[in-house]
Amino acid sequence: MAQKEARPVRYEPVIGLEVHAQMLTETKIFCGCSTKFGSEPNTQICPVCIGMPGVLPVLNKKALEFAIKTGISTKCNISTYSRFARKNYFYPDLPKGYQISQYELPICEHGYIEIVVDGNIKKIGITRIHMEEDAGKNIHESTSGGGNFSFVDLNRAGVPLMEIVSEPDIRSPVEAVEYMKKLRAILRYLGVCDGNMEQGSLRCDANISVRPSGQKEYGTRTEVKNINSFKFVEKALDYEIRRQIKVLEDNGKIVQETRLWDSNRGITESMRGKEEAHDYRYFPEPDLVPIMVEQKWIDDMEAFLPELPDIKRERFVSDYGLPEYDADLLVSEKALADWFEDAVKLGGQPKAVSNWIMSDLLRLLNTENKSIEECTLKPKQLVGMLKLIENGTISGKIAKTVFEEMYKKTKTTLDVTLPMLKVKMEMKEVTAEAIIKEKGLIQISDSGKIEKLVDDVISKNQKEVERFKAGEEKLIAFFVGQVMKLTKGKANPKMVNELLRKKLTWKNL
């Protein structure tokens, strides 16, 4: 009896993310050096942050506050007693040979974030959130003469970090990206991290393994280090999952190791073997006392948290009647949600405002690679234009031109006066009325004028008239288009439609 051919094994990915978020404090976590990004290399350092002998670190209270706020917002338990530890490893960008971090007693534990994937809500557990100091930055360069050089910039050393460690609950690259986006939104709403992945203030390490579907035990995992964009998170995870599956299908074994993502080649490469965490030889930091947090301080922070994305989303749906899709997009950035609400408070109809933001404003910003924070167009300009549509001054089609012109012509100008070098910034706001007047875009709503144009179109298109009367009612769009063409889009479309239908259905036509 012939044996049945074995079915190919289906594999399930298991993913956990370790997200590193630089906190938006003005000074470093254990000293008074500035955290400003982009300064000249090695100009924001002191004996404390470069680990000179005999110095003593002092915890930045604001960093502790930011970590607690993040923990509250991700449903974590906040520890009233925690402490720092030394994590020992040697690398050029860590001059003292160890990193001050938290190990067995972190500030926040056992939380979660909810994401929406394919219309379904999924809860991703958070194992812990702990504070630590960032390391410096290594810069490697090659010269035209063939020489290779490495430089170290220690400005970043000591910048306060939160490491947010998820449970291995993520099952696809898409889920990983949604988790990262949701976490970034929460951090930005709280004002604890700017979320700038290009500058490295938000980055993640990913732990990935695969296992046969239905198997409870985890497979051997690899770690992919320092992924700094949503696109790269998805691509790196997708590649690593496929790589591991291929190794197993070829009867190979997954090696526990640390890998790096090469965005130019679209692959992960082995960096070093990865052993267990105790190889870092953690031990309690002797120069910092344990952290004792009063419950009242935690309660006070919770009471004054800003409205977070999930709550704002529910309010946008219930109070403004927005579809869930609109609400999801608008609350993805606090500044975008604020722009929308400012326009509604000025009298804009919520759905109309949402439509213009999603279809036109974001398109124009994306064309210039700008964020909503960089948008010079103000909500009151959009609302002014919407009122002109409502009162029939312009049509929706003309409004597209008006909106784009307002966006392009509203710019920030600098007024510099010498020799005292006085700088004054001025915003030149252009109204919809000014654009309409300049370009002669007022809608034609004179019934007599429109009727003459309708009669002209009907008389010149008798074949289409006969087809319409024979039942091809979709030809109404053809007739409307001809009238709008004659008026360069200025005719009132409602009046045009009504007159055309009335005249085309006359029995004696």
Evaluate the following for residue 356: is it aromatic (Phe, Trp, Tyr) and surrounded by 15 or more Cβ atoms within 10 Å (Cβ to Cβ)? yes
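Okay, residues lined up against (1) at pLDDT 95 or above; (2) surrounded by 15 or more Cβ atoms within 10 Å (Cβ to Cβ):
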{"position": "350", "(1), (2)": "yes, yes"}
{"position": "390", "(1), (2)": "no, no"}
{"position": "426", "(1), (2)": "no, no"}
{"position": "436", "(1), (2)": "no, yes"}
Hey, any hits in the stretch 27-50 for a residue that's under 15 Å from residue 288 (Cβ atoms) and without any contact (Cβ under 8 Å) to a residue 40 or more places away in the chain? no
Any residue in the stretch 183-199 that is over 23 Å from residue 338 (Cα atoms), of a type in the set (Phe, Trp, Tyr) and out of contact with any His (no Cβ under 6 Å at 6 or more places or on another chain)? no
Can you tell me how many residues within the stretch 254-275 are part of a loop (DSSP other than H, G, I, E, B) and either loosely packed, with under 10 Cβ neighbours inside 10 Å or aliphatic (A, V, I, L, M) (or both)? 4
Out of everything in the stretch 65-88 that is among the aliphatic types (A, V, I, L, M) and in contact with a Pro (Cβ under 9 Å, 6 or more places away or on another chain), what residue ends up being surrounded by the fewest Cβ atoms within 10 Å (Cβ to Cβ)? 85
Could you tell me whether residue 225 is under 28 Å from residue 177 (Cβ atoms) and not in a strand (DSSP E or B)? no
Being modelled with pLDDT of 95 or more, closer than 30 Å to residue 213 by Cα, of a type in the set (A, V, I, L, M) and crowded, with 20+ Cβ neighbours inside 10 Å, is that true of even one residue in the stretch 16-24? yes
Looking at (1) closer than 15 Å to residue 500 by Cβ; (2) at pLDDT below 75, which one does residue 453 not meet, given that it meets all the others? (2)
Tell me yes or no: at least one residue of the stretch 35-43 is out of contact with any strand residue (DSSP E or B) (no Cβ under 6 Å at 6 or more places or on another chain) and crowded, with 18+ Cβ neighbours inside 10 Å. yes
Taking into account only those residues within the stretch 110-140 that are of a type in the set (D, E, K, R) and in contact with a helix residue (DSSP H, G or I) (Cβ under 8 Å, 6 or more places away or on another chain), which is farthest from residue 295 (Cα to Cα)? 122
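Hey, does the stretch 140-152 have a residue that's assigned by TED's automatic domain parsing to the domain that holds residue 36, in a helix (DSSP H, G or I), surrounded by fewer than 18 Cβ atoms within 10 Å (Cβ to Cβ) and of a type in the set (A, V, I, L, M, F, W, C)? Reasoning before the result, please.
Within the stretch 140-152, the subset assigned by TED's automatic domain parsing to the domain that holds residue 36 is 140-152.
Okay, now just the ones that are also in a helix (DSSP H, G or I), so none.
No; the residues of the stretch 140-152 include none that is assigned by TED's automatic domain parsing to the domain that holds residue 36, in a helix (DSSP H, G or I), surrounded by fewer than 18 Cβ atoms within 10 Å (Cβ to Cβ) and of a type in the set (A, V, I, L, M, F, W, C).
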Among the numbered criteria (1) out of contact with any Ser or Thr (no Cβ under 6 Å at 6 or more places or on another chain); (2) in a strand (DSSP E or B); (3) in contact (Cβ under 8 Å) with a residue 40 or more places away in the chain, which single criterion is violated by residue 121? (3)
Enumerate the pairs (first residue in the stretch 231-258 and on the phi < 0 side of the Ramachandran plot and charged (D, E, K, R); second residue anywhere and surrounded by fewer than 18 Cβ atoms within 10 Å (Cβ to Cβ) and assigned to a strand (DSSP E or B)) with beta-carbon separation below 6 Å, excluding pairs fewer than 6 apart on the same chain, so at least 6 apart or on different chains. 257/270; 257/273
Does the stretch 196-209 include one or more residues that are surrounded by fewer than 21 Cβ atoms within 10 Å (Cβ to Cβ), free of Cβ contacts under 8 Å to residues at least 12 places away in the same chain and part of a strand (DSSP E or B)? no
Taking helices (runs of 4 or more DSSP H) that do not extend beyond the stretch 429-509, which have at least 2 residues that are touching a helix residue (DSSP H, G or I) at 6+ places or on another chain (Cβ under 7 Å) and within 25 Å of residue 392 (Cα to Cα)? 432-439, 447-460, 476-486, 493-504
Odd one out for residue 108 among (1) at pLDDT 95 or above; (2) surrounded by fewer than 24 Cβ atoms within 10 Å (Cβ to Cβ): (2)
Take the stretch 265-281 and flag every residue that is at pLDDT 90 or above and out of contact with any Ser or Thr (no Cβ under 9 Å at 6 or more places or on another chain). 265, 266, 267, 269
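For the stretch 118-125, state whether one or more residues are among the charged types (D, E, K, R) and either in contact with a Lys or Arg (Cβ under 8 Å, 6 or more places away or on another chain) or modelled with pLDDT under 95 (or both).
Yes, some residue in the stretch 118-125 is among the charged types (D, E, K, R) and either in contact with a Lys or Arg (Cβ under 8 Å, 6 or more places away or on another chain) or modelled with pLDDT under 95 (or both).
Only one of these is without any contact (Cβ under 8 Å) to a residue 60 or more places away in the chain and among the charged types (D, E, K, R): 333, 294, 314. Name it. Write out each step before concluding.
Working: 333 fails: without any contact (Cβ under 8 Å) to a residue 60 or more places away in the chain; 294 fails: without any contact (Cβ under 8 Å) to a residue 60 or more places away in the chain.
None of the other options fit; the residue is 314.
The values are calculated or read from the model by the stated rules, or taken from the named source; none is laboratory data. Only a predicted model underlies this, so the values are computations on that prediction, with no experimental measurement involved. Heads up, the Cβs are rebuilt from the backbone with ideal geometry, glycines too, and the neighbour counts pull from every protein chain shown.
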